[in-house]
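Inspection log for the structure reproduced underneath, given as structure tokens.
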Amino acid sequence: MQIVGRKQFRLWSPEQFPFAKHTPCEVVLQPYDMLYVPFRWGHEVTALDDSISLQWRHLCTDCTDRNPIN
């Protein structure tokens with residue numbers, strides 16, 4: 001969730017790997033916008049302004065190929 005400032009996100013679906021060969025979906029988050037990035041989606045984030053944001057990660061318990069967390 002974006003609290004202050006703006007951030008640009010570039011997103012690639014898993015089918016678009018390798019990412020350099022494909023055009024990403026681009027979106028700019030404004031204050032109080034929220035974005036869900038699905039599992040395995042590539043993403044790149046650029047702060048367009050000084051910004052404050054909140055992020056959290058929900059670990060998928062059904063995903064067998066995720067990296068273990070120690």
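The values are calculated or read from the model by the stated rules, or taken from the named source; none is laboratory data. Small disclaimer: the values here were computed from a predicted structure and weren't measured. Counting neighbours? That spans all protein chains shown, and the Cβs are built from the backbone with ideal geometry, glycine included. Surface areas here come from the heavy atoms of the whole protein model, side chains and all, with no ligands, DNA or RNA. Shrake-Rupley method; radii C 1.70, N 1.55, O 1.52, S 1.80 Å.
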Determine whether segment 18-26 contains at least one residue that is open to solvent by 80 Å² or more (accessible area, probe 1.4 Å), under 15 Å from the mean Cα position of the chain (by Cα) and under 16 Å from Arg57 (Cβ atoms). no
Restricting attention to segment 32-43, does a residue exist that is in contact (Cβ under 8 Å) with a residue 12 or more places away in the chain, touching a His at 6+ places or on another chain (Cβ under 7 Å) and open to solvent by 50 Å² or more (accessible area, probe 1.4 Å)? no
(1) in contact with a Lys or Arg (Cβ under 7 Å, 6 or more places away or on another chain); (2) in contact (Cβ under 8 Å) with a residue 40 or more places away in the chain; (3) not aliphatic (A, V, I, L, M): which one isn't true of Pro24, the others all being true? (2)
